[in-house]
Structure formats: C-alpha cells, structure tokens
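Have a look at the structure below before the remarks.
Coordinate-derived values only; no laboratory data. None of these values were measured; they are calculated from a predicted model. Cβ coordinates were reconstructed from backbone atoms using ideal geometry, including for glycine residues, and neighbour counts include every protein chain displayed.
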Amino acid sequence: MAEHLRSPQASEAEVECFAVQRIRALVAGAGRNHRYQCEMVALAWEVGHLDRPEKYRTERCGDGGPLDLHPGSSIWP
C-alpha cells in the first residue's frame, strides 16, 4: 500500500520490487541486527517475491536491473 502511494503510476510488479528492496531498512529501523535483516530480506525475496503470481514479478527486478534502487551496490535486495 505505501509503495503505491509513493509511486501511484507503477505497476504491481514494480511496486513489489521496490517494496522488497526497502525491507532491510524497515527491519533495521525496528532495531534488529544485521543478521536478522539479511534473514528477513532473503525470506521476503524467496518466498514473498519469487513465489508471487506473474502479475507481481518482473525480470527488470534484480541486482543491477532497471528497478534496482541501489544500482551501485551488489547487495540484493
């Protein structure tokens, strides 16, 4: 929902891509350690993103891809 407010013109797949990339910061903001942040991001990517219906995924979402919010970093998501 918040991603749709941030980018109302974005497709479902774009919104999902942006949201999964913001999980690390969200978990860090909750005071969780780096290891837990990595676990939550991996879970969100592997279960919450890759297993989603096709409408919610795009090949443009990936490390260095056009929807990468941090293209200068190799950390994904």
**OP:** Arrange the peptides 52-59, 18-25, 29-36 so that the one whose residues have, on average, the most other Cβ atoms within 10 Å appears first.
**Re:** 18-25, 52-59, 29-36
Original post:
What value, in deg cm²/dmol to 500, does the helix sum -39500 (n - 2.57) over DSSP H runs of n ≥ 4 give at 222 nm once divided by the residues of the chain?
Top reply: -11000 deg cm²/dmol
Original post:
How much net charge surrounds Pro71 when only other residues with a Cβ under 13 Å from its Cβ are counted (Lys, Arg +1; Asp, Glu -1)?
Top reply: -1
Original post:
Hey, what angle do you get for helix 34-43 against the long axis of the chain, alpha-carbon based, 0 to 90 degrees rounded to 10?
Top reply: 30 degrees
**OP:** Pop out the ³J(HN,Hα) list for segment 56-65 in order, Karplus 6.51 cos²θ - 1.76 cosθ + 1.60 with θ = phi - 60°, rounded to Hz; leave Gly and Pro as x.
**Re:** 9, 10, 8, 5, 6, 9, x, 4, x, x
Subject >> Where only alpha carbons of the chain are counted, the Rg and the Dmax (Å) >> reply: 12.2, 34
Original post:
By how many degrees, 0 to 90 and rounded to 10, does the Cα axis of helix 12-21 deviate from the longest principal axis of the chain?
Top reply: 10 degrees
